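Just below is one structure, and these are the notes that go with it.
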Amino acid sequence: MTLFQGVAFGIVVNIAVHCITLPLLGLTPPLFQLPWYEFVSEFFGHTVWFWAIEVFRCDLRNCAAG
């Protein structure tokens, strides 16, 4: 996973989980009922989280190979 160093995967996960799965399961209100800042927070949180995971993964892989 290196597409934008994991950022694209973070966006996909955010949409799949917070926009589709959780509302379908009734665990969160529908997306249109959430405040905009909550959606923005989750969006950037997931993208930064997966980016950080990919950066550390690449660094660990390079250290192990080197």
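Nothing in this text is a laboratory measurement; each read-out follows from the coordinates by a stated rule. Computed from a predicted model, the values in this text were never measured in an experiment. Note: ideal-geometry Cβ built from the backbone for every residue, glycine included; neighbour counts use all protein chains shown.
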List every residue pair whose Cβ atoms lie under 7 Å apart, where the two residues are 6 or more positions apart in sequence or sit on different chains, the first residue falls within the range 3-28 and is in contact (Cβ under 8 Å) with a residue 40 or more places away in the chain, and the second residue, located anywhere, is aliphatic (A, V, I, L, M) and loosely packed, with under 15 Cβ neighbours inside 10 Å. Q5/V55; F9/M1
Of all residues in the range 31-44, count the ones that are without any contact (Cβ under 8 Å) to a residue 24 or more places away in the chain and surrounded by 11 or more Cβ atoms within 10 Å (Cβ to Cβ). 6
Find the helices (runs of 4 or more DSSP H) located wholly in the chain whose residues include 3 or more that are among the polar types (S, T, N, Q), and list them. 36-65
For the range 3-14, indicate whether the set of residues that are more than 30 Å from R61 (Cα to Cα) and exposed (fewer than 13 other Cβ atoms within 10 Å of the Cβ) is non-empty. no
Given the residues A64, A52, which is the only one that is exposed (fewer than 10 other Cβ atoms within 10 Å of the Cβ) and within 24 Å of G6 (Cβ to Cβ)? A64
